[in-house]
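The values are calculated or read from the model by the stated rules, or taken from the named source; none is laboratory data. In this text the structure is predicted, and so the values were computed from the model without any measurement. So basically every Cβ, Gly included, is an ideal-geometry build from the backbone, and we count neighbours across all protein chains shown. For accessibility, only protein heavy atoms count, side chains too; no ligands or nucleic acids. Shrake-Rupley method; radii C 1.70, N 1.55, O 1.52, S 1.80 Å.
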Amino acid sequence: MTTPTASGRRRDHTDGIYCEWTRTFRAPIEDVWAAVTDPQRLARWLGTWTGDPSSGEVKFQMLFEDEMPAERFRIDDCEPPHRLRVTTSMPYDGENPEHWQLRLDLAEEGGITTLTFAQNLPDPTMAENVGPGWDYYLDRLVAAEGDRDPATVSFDDYYPALSEHYRKEFGRND
């Protein structure tokens, strides 16, 4: 495994501050869409979901973090195979759960599909933990879609090694 690279960048949108990542694949857009939306393919690198997406929400379960409870994902916008917007509701946040917006956009040109993924950060100090986490999971996606074992991507290589990049990217220099 090569040393991981912090790839997330701060993006200020009208609805808040986001961290955004990009990955590219030598694959048709429909194939990459399936890798991020089909529960069995998603389970190879991140987690899985249950429920009926046509109802407007699903239950999402992370598979590679210790004892994370399932989260409710509200589907805000879905335009296969180009765009997905979801809002998470995390039950482990107590009485006032934080809601995170996740954005996924796909575009294909010349047989290369570009995935752009973003998560809002209501508190920019969250970036030092959220950033390395998404770098880790998106690198697992690249491994899975590149016919490599996602388990070769080691969580320990991302924390705390990439945290400093995100502290600086989001305005913290301590």
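Multiplying the residue separation of D52 and I75 by 0.36 nm and subtracting their alpha-carbon distance yields 7.2 nm.
M68 contributes an accessible area of around 50 Å² to the protein surface, as traced by a 1.4 Å probe with all chains present.
For H82, the accessible surface of its heavy atoms amounts to roughly 90 Å² (probe 1.4 Å, protein chains only, rounded to the nearest 10). Simple rule: put +1 on each Lys or Arg Cβ and -1 on each Asp or Glu Cβ in the chain, find the dipole, and look at P4, L42, P150; the Cα lying farthest toward the positive end is P4. Just so you know, the Cα atoms of region 1-92 work out to an Rg and Dmax of 14.7, 41 Å. When only the Cβ of Lys, Arg, Asp and Glu is charged (+1, +1, -1, -1), the dipole of the chain relative to its Cα centre reaches about 280 debye. For the chain, the normalised intensity computed at q = 0.12, 0.19 Å⁻¹ comes to -0.55, -1.52 (log10 of I(q)/I(0), Debye sum over alpha carbons, equal scatterers, no solvent). DSSP assigns beta bridges within the chain; of those with both partners inside it, close to 100 percent run antiparallel. Sparsely packed loop sites in region 22-84 (the GluC sites (Glu not before Pro) outside DSSP H, G, I, E and B with at most 12 other Cβ atoms within 10 Å) comprise E65, E67. Need one word for region 95-159: rounded, prolate or oblate. Basis is the Cα gyration tensor (sqrt eigenvalues a ≥ b ≥ c); a/c below 1.5 gives rounded, then a/b vs b/c decides. Judged from the Cα gyration tensor, region 95-159 comes out oblate (a/c at least 1.5, b/c at or above a/b). Per residue, the accessible area of region 1-147 comes to 51 Å² when a 1.4 Å probe rolls over the protein heavy atoms. With θ taken as phi - 60° and the Karplus curve 6.51 cos²θ - 1.76 cosθ + 1.60 applied, the whole-hertz 3J(HN,Hα) list for region 121-134 is 10, x, 10, x, 5, 5, 4, 5, 9, 5, x, x, x, 6 Hz, x standing for glycine and proline. Here the sum of -39500 (n - 2.57) over DSSP H runs of 4 or more residues, divided by the residues of the chain, equals -6500 deg cm²/dmol at 222 nm, to the nearest 500. Rolling a 1.4 Å probe over the protein heavy atoms of the chain, with every protein chain left in place, gives an accessible area that is 49 percent carbon and sulfur. Label separation (E164 vs D149): 3.2 nm, computed from points 7 Å beyond Cα along the C-beta direction.
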